[in-house]
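Single-structure report; data block below.
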Amino acid sequence: MLVPLHLSPDGDSVGCALAVNMVCSRFGTQCQVVSADPPPEELSFLRGWEGIAPPKDCLGHFDVVLLMDCSSPARVGRSSELIDTRQSKVVVIDHHRTALRNGDLVWVDPEAAATAEMLFDWLKSADIPIDNDVATALYTGIATDTGFFAYPNTGAETLRRAAELVEAGAAPHLVYSRINEQRRPATLRLLARALDNMNITFCGKLAWTQVTQDEFAICRAGADDTEGIVNHLRSLAGVEVAAVFVETPVGQVKVSLRSRDNYDVSRLAEKMGGGGHSRAAGMTMEGPMCRARRLVLDEIGSTLCAEGEGSQCGEH
Ligand code: AMP
Ligand code: MN
Ligand code: MN
């Protein structure tokens, strides 16, 4: 079985893949986790992290391809070259509202806070014992997708599942500190720069910033170091939408969108070729930066202003 991570893999993607990998090895089923992008260093405490291979190291034929936390080969980047739909069954387990329903077996539950919740429910229903390494991987998926139980997708059921995973051996303080308190100076340098370049428009409802390749070079930082910048922008009082534009080495622009309360950023992301959830979504657009930025800001601005006192803010 092949388990590809989605591009820019996060805790949910990595946690689910490693949990499946551990369960498979217990049953003697061969499983290869593959990632086109390097998996985040801060998740290296999860068992099996070092076995995540780049696509070029994965040869051979796979009976099953298991896509989790995403739903299309396009979302797994170069790992998609290993997927031959004539030879392999494709199974999809995802919780994105924007998920595609293509595959031999498709399970999409937009109500789930994380794909790790779905996997947890499935393992339980199949009476598969959850040891502390599997519990830690699943807990990590749930914790990271809920902002450590702070986002609106955190409900009583999410906390109950998390509690069961803690009983099974996950250690919340360790997961938190490994992910959030092992930062490199370069990450904070980039954050400082991004916040310094922050712009607030549309009556204070939209906050955005950008990170160019020059800034990566100055801070000696990489794409991984942009994680979390967008949440700082959303933390401003009155901000409804936060956007971060990141220039990639090939001149494309990766956009991260976050919102509060009313604004559904997944619809905007979907319209621009990406996807995600109502409060967290993203897309990758063609450059240059100024063009991508204008397209996105105009689009957000027109809806933000149409919704309220927009006509007074005089920013369009
Ligand atoms: P990010 O801002 O990269 O953390 O992404 C936020 C959410 O949007 C995550 O749930 C991603 O899976 C989703 N997302 C980001 N980029 C894309 C894309 N190009 N296509 C589909 N979903 C995306
Ligand atoms: Mn994800
Ligand atoms: Mn997820």
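The values are calculated or read from the model by the stated rules, or taken from the named source; none is laboratory data. Just so it is clear, the structure is predicted and the values come from calculations on it, not from any experiment. All Cβ positions, glycine included, derive from the backbone under ideal geometry; neighbour counts span all protein chains shown. Side chains are part of the model used for accessible areas, which takes the heavy atoms of the whole protein and leaves out ligands, DNA and RNA. Shrake-Rupley method; radii C 1.70, N 1.55, O 1.52, S 1.80 Å.
The table below gives the values:
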{"read-out": "So Ala156, is it modelled with pLDDT of 95 or more, open to solvent by less than 30 Å² (accessible area, probe 1.4 Å) and not polar (S, T, N, Q)", "value": "no"}
{"read-out": "Long-range neighbours under 6 Å by Cβ, at least six apart or interchain, first residue over 20 Å from Asp12 (Cα atoms) and not assigned by TED's automatic domain parsing to the domain that holds Ser266 within the stretch 74-103, second among the aliphatic types (A, V, I, L, M) and open to solvent by 30 Å² or more (accessible area, probe 1.4 Å)", "value": "Lys89/Val64"}
{"read-out": "Scan of the stretch 104-113 for residues that are in contact (Cβ under 8 Å) with a residue 24 or more places away in the chain, crowded, with 18+ Cβ neighbours inside 10 Å and within 16 Å of Gly275 (Cβ to Cβ), ordered by number", "value": "Val108"}
{"read-out": "Members of the stretch 103-112 that are within 25 Å of Asn153 (Cα to Cα) and in a loop (DSSP other than H, G, I, E, B)", "value": "Asp109, Pro110, Glu111, Ala112"}
{"read-out": "Answer from Thr187, Thr144 - the residue that is within 16 Å of ligand 3 (Cβ to nearest atom), in a helix (DSSP H, G or I) and touching an Asp or Glu at 6+ places or on another chain (Cβ under 8 Å)", "value": "Thr144"}
{"read-out": "Neighbours by Cβ (under 8 Å, 6+ apart or cross-chain): first from the stretch 219-231, in the same structural domain as Ser256 (by TED's automatic domain parsing) and outside any helix (DSSP H, G or I); second open to solvent by less than 20 Å² (accessible area, probe 1.4 Å) and within 16 Å of ligand 3 (Cβ to nearest atom)", "value": "Glu227/Pro40"}
{"read-out": "Test: residue in the stretch 48-58 that is of a type outside the set (Phe, Trp, Tyr) and modelled with pLDDT under 95", "value": "yes"}
{"read-out": "Some residue of the stretch 61-69 being open to solvent by 60 Å² or more (accessible area, probe 1.4 Å) and in the same structural domain as Val166 (by TED's automatic domain parsing)", "value": "yes"}
{"read-out": "Failed criterion for Glu117 (all others in (1) in contact with a strand residue (DSSP E or B) (Cβ under 9 Å, 6 or more places away or on another chain); (2) within 14 Å of ligand 2 (Cβ to nearest atom) hold)", "value": "(1)"}
{"read-out": "Those residues of the stretch 277-303 which are closer than 19 Å to Val211 by Cβ and either within 16 Å of ligand 2 (Cβ to nearest atom) or open to solvent by 50 Å² or more (accessible area, probe 1.4 Å) (or both), in sequence order", "value": "Ala280, Ala281, Gly282, Met283, Thr284, Glu286, Pro288, Cys290, Arg291, Arg293, Arg294, Leu295"}
{"read-out": "Residue in the stretch 32-53 that is open to solvent by less than 40 Å² (accessible area, probe 1.4 Å) and at positive phi present", "value": "yes"}
{"read-out": "Single unsatisfied condition, Asn180 versus (1) surrounded by fewer than 21 Cβ atoms within 10 Å (Cβ to Cβ); (2) over 20 Å from the mean Cα position of the chain (by Cα)", "value": "(2)"}
{"read-out": "Test: Leu100 is within 14 Å of ligand 2 (Cβ to nearest atom), assigned to a loop (DSSP other than H, G, I, E, B) and surrounded by fewer than 24 Cβ atoms within 10 Å (Cβ to Cβ)", "value": "no"}
